[in-house]
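The values are calculated or read from the model by the stated rules, or taken from the named source; none is laboratory data. Small disclaimer: the values here were computed from a predicted structure and weren't measured. Here the Cβ positions follow ideal geometry from the backbone for every residue, glycine too, while neighbour counts run over all protein chains shown.
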Amino acid sequence: MKPVSVGIIGCGNISGIYLKNLSGLFGNVRLVACADIDFSRAQAKVDEKDEAGNRLYPDLKAMRVDGLLADPEIRIVVNLTIPAAHYEVAKKILEAGKCAYNEKPLTLSREQGKELLALAKEKGLLIGGAPDTFLGAGIQTARKLIEDGWIGRPVSATAFMCCHGHESWHPAPEFYYQPGGGPMFDMGPYYLTALVNLLGTVKSVAGMTSRAFDERICTSANRNGDILPVDVETSVAGLMRFASGAVGTIITSFDVWGHNLPLIEVHGTSGSLSVPDPNGFGGPVKLKRPGQDWKEIPLSHNYAENSRGLGVADMARALTDGKNARASGELAYHVLDIMHAFHDSSDSGAFFELQSSCQIPEPLEGDLFRF
Ligand SMILES: NC(=O)c1ccc[n+]([C@@H]2O[C@H](COP(=O)([O-])OP(=O)(O)OC[C@H]3O[C@@H](n4cnc5c(N)ncnc54)[C@H](O)[C@@H]3O)[C@@H](O)[C@H]2O)c1
């Protein structure tokens, strides 16, 4: 079958791995063009060369954003702009009659997210987005262990993402401290998408938030000494009740210098599972059964390497076979709703009942998209 043509809008820090994977890792998509509000950034990607001086992506065109959106060949556009631009850019993509795949978070507000989902539905297009790490070998193996009954009925889960923010390395870190950033909206999507995939949808939450600094000092190479105003909460603690009855807790923080906390654990009536970093695709997955030591379990699924773009390949698969895309808009919206709900609960001091839900994506079997 002819690969689905894909374009990228937003040629910044994360675009490199998407360019690489969408150009070579998946046989059912073909990256044909990239664009950026700053055209020179798109041109720089097209001009990238390997050690022998050959262009890395010989078939890739640099385009203006409007030109890319008008290109009839392109069916999926991957939106790698900053969070504040996700809504506006995705809306343009859908209005141009193309499917939209957004980096996380889906949008800044729930209203924007709902509007995009409705627009996609009205136009018969797909919308979805990152993270797609839950389709990797690590989380898929953990899910299979749960579904095969190795920990019994899941009862509780913990998730911790603690670091000191991204201003020590990112060349343009402002957006991490503006709405759509902060540790929950930036990193929460990896952890919450994994938890929803493992335990099902979330029904109600409670949250508490704090902010250690009103401004941060940048230490990344090109911005050393720059002051970044902080407009978001930088430590967010959340409690979740899943629709299944299981309970969970999550802490995300950009105010932590070091810690010894596990990333994700799921505890069931007859075992405990240590789930690998949901910001990656591989392992290790570890299982503890009553009376036994922790054991590392071999990965049962494919895509253990950095496979960012797997969700795009899956969206292309959904376009051709008509079934649901796994990294769907409904899933991304449910995660957005949970993240807002933690903040709403913190503001009100009350539990927050979620209005959203989503289908749990089908497990990813086999090696569907490899060349
Ligand atoms: N950097 C990472 O490690 C990383 C990892 C995973 C996900 N993400 C997500 O990817 C997205 C991009 O992050 P990044 O680090 O590459 O940011 P970045 O600032 O390095 O790049 C963003 C690019 O988008 C362009 N842009 C901004 N507004 C635009 C618009 N309206 N139209 C067209 N282009 C526009 C900018 O010119 C820039 O080139 C964010 O949503 C972020 O959460 C980043």
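The table below gives the values:
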item	result
Residue within region 215-225 that is farther than 25 Å from Phe351 by Cα, surrounded by fewer than 17 Cβ atoms within 10 Å (Cβ to Cβ), in contact with a Cys (Cβ under 8 Å, 6 or more places away or on another chain) and aliphatic (A, V, I, L, M) present	no
Tally of residues being without any contact (Cβ under 8 Å) to a residue 40 or more places away in the chain and of a type in the set (Phe, Trp, Tyr) across region 60-103	1
Residues of region 194-216 classified as under 27 Å from Gly138 (Cα atoms) and without any contact (Cβ under 8 Å) to a residue 24 or more places away in the chain, total	0
Yes/no for Gly200 being at positive phi, more than 16 Å from the ligand (Cβ to nearest atom) and touching a strand residue (DSSP E or B) at 6+ places or on another chain (Cβ under 9 Å)	yes
Residue satisfying all of: in region 104-120; touching a residue at least 60 places away in the same chain (Cβ under 8 Å) and among the hydrophobic types (A, V, I, L, M, F, W, C); nearest to Arg308 (Cα to Cα) among these	Leu106
Entirely in region 86-194, the strands (runs of 3 or more DSSP E) that have 1 or more residues that are outside the structural domain of Leu22 (by TED's automatic domain parsing) and away from the ligand (no atom under 11 Å from the Cβ)	154-162
